[in-house]
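To start, the structure itself, in structure tokens.
Here, each number is a calculation from the coordinates, and none is a lab measurement. Given the structure is predicted, the values throughout are model-derived calculations rather than measurements. Ideal geometry is used to build each Cβ from the backbone, glycine not excepted, and the neighbour counts take in all protein chains shown.
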Amino acid sequence: MADKRDYYEVLGLSKGASDDDIKKAYRACVKKYHPDLHPDDKECEEKMKEVNEAYECLTDPDKKAKYDQFGHAGVDPNFGGGGGFGGFGGFGDMGDIGDIFSSFFGGSSFGGRSSNPNAPRRGQDIQTYSTIDFMDACNGKKVDIKINRTESCSECGGTGAAAGSSSETCSECRGTGYVKTAQRTPLGMISSQRPCSRCGGKGKVITNPCSKCHGSGRVNAAKTVTVTIPAGIDDGQTLQVRGQGHSGLNGGPSGDLHVTIQVRPDPIFDRDGYDIRTEVPITFTQAVLGDEIEIPCIDGKGKITIAEGTQSGTVFRIRGKGVKRLNRSDRGDQYVTVNVEVPKNLNKNQKELLRKFEESLGESNYNKRKNFFDKVKDILRGEI
């Protein structure tokens, strides 16, 4: 834990950064270190794991609060959830303090330790990510996610005992999980109880362990999970797949699978929330005379009408042609910016025709130009 970098430092942020700042920083890190962009760079792969760990902590309000107060110890499961040591002057080794209280008070739950080692415990969550194309994010799709997780051993059914056998009551603690001792102290004889060393506090021992899981009741397994990505998901958002994390202990439920979605950029479309933005070039003639042009949309094609005299940079809005809103039926809009493409490499005849055309227009057709130079003249005369 001491070797871990500060989570804010990992994302290039300062402590107290907002949720939006954290998300923006995370997206920037993904674009910088994503393994898909650096397939042969192991260092980028490690940095991406570090970034994912920092993001998972700082986007969870409860974990973030503990981390901000206690640092890495606040989110380390070995420290009782991180909140227990602050009131003891910053003791780093809660195990020693827990042992002291356990010795005098008979195995209390001090420091977040369970007084019943056989109680059901929920499995840990799994964090991973998946990279999809821009159009898949707009339209939705199903993806297969490969994960490694712990599962209940199929050979022994999670008992840890070989087939045809079962665990036995510990003869040393007689199934209680604790042994009592008496100590002579300056205050007299004090009785205490500690977890049984023979059974590890479980009250049961396995004399004939399962050959597949070696008595643990759980095994590591590679699994492919099919995840449905909804239409409208955005870059950096995380999907939760319940029950697909690590298996629980003592009959407890499995954890969840959290899949953070990374969206590849598109060469034509840009996304702004649920709106789509794109730029379309038009000719000088189309801008002057007007035209109806075909434009690309995320679900096919559309049309916009270019009015006579349309200026470069004019933005057209097409309602309902944006991205579908998550868990809703309506969509955002599409904004199309038209840019007038000025022709190049004209021949002599074309240039002469343009000059005659320009002479025929007169100043009245260039109001912006006239107003600009009128202001310049006023400035030079000192009137502005």
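General remarks:
- Extension reserve of the Val288-Leu354 stretch, reckoned as 0.36 nm per residue once the Cα distance is removed: 22.4 nm
- Residues whose amide H falls under 5 Å from that of Ile276, counting only those 5 or more places apart or on a different chain, are Val323, Asp333, Gln334, Tyr335, with hydrogens built in the peptide plane.
- 5 angstrom amide H check on Gln244, placed H, neighbours 5+ away: Leu257
- Ranked by the mean number of other Cβ atoms within 10 Å per residue, highest first, peptides 151-161, 359-369, 305-315 order as 151-161, 305-315, 359-369.
- The relative contact order of the chain, computed from alpha carbon pairs under 8 Å that lie at least 6 residues apart in sequence, is 13 percent.
- Most mobile of Gly217, Gly201, Gly16 in a GNM of the chain (Cα contacts under 10 Å): Gly16
- DSSP beta bridges confined to the chain are antiparallel in about 75 percent of cases.
- The amide H of Ile295, built 1.01 Å from its N in the peptide plane, has Gly302, Lys303, Ile304 as neighbours under 5 Å, considering only residues 5 or more places off or on other chains.
- Top of Ser329, Ser211, Ser165 by mean-square fluctuation, Gaussian network on the chain, Cα under 10 Å: Ser329
- Measuring from each cysteine beta-carbon in the chain, the ones with no other cysteine beta-carbon under 4.7 angstrom are Cys29, Cys44, Cys57, Cys138, Cys297.
- For region 144-161, backbone phi angles converted through the Karplus equation (6.51, -1.76, 1.60; θ = phi - 60°) give residue-by-residue couplings of 9, 10, 8, 9, 10, 8, 8, 10, 5, 5, 6, 6, 10, x, x, 7, x, 9 Hz, Gly and Pro being listed as x.
- For region 312-366, with +1 on Lys and Arg beta carbons and -1 on Asp and Glu, the positive-most of Pro343, Tyr366, Val315 along the dipole: Val315
- Ranked packing of 288-298, 255-265, most packed first, by mean Cβ within 10 Å: 255-265, 288-298
- For the pair Glu9 and Asn220, label points projected 7 Å from Cα toward Cβ lie 2.9 nm apart.
- Mean-position separation - Cα centroids, region 43-61 and region 290-339, in angstrom: 37
- Exposure proxy shown here: for Met48, Met135, Met189, the number of other Cβ atoms within 10 Å sets the order, fewest to most, as Met189, Met135, Met48.
- Value of relative contact order over region 270-378, rounded to a whole percent, pairs C-alpha under 8 Å and six or more apart: 27
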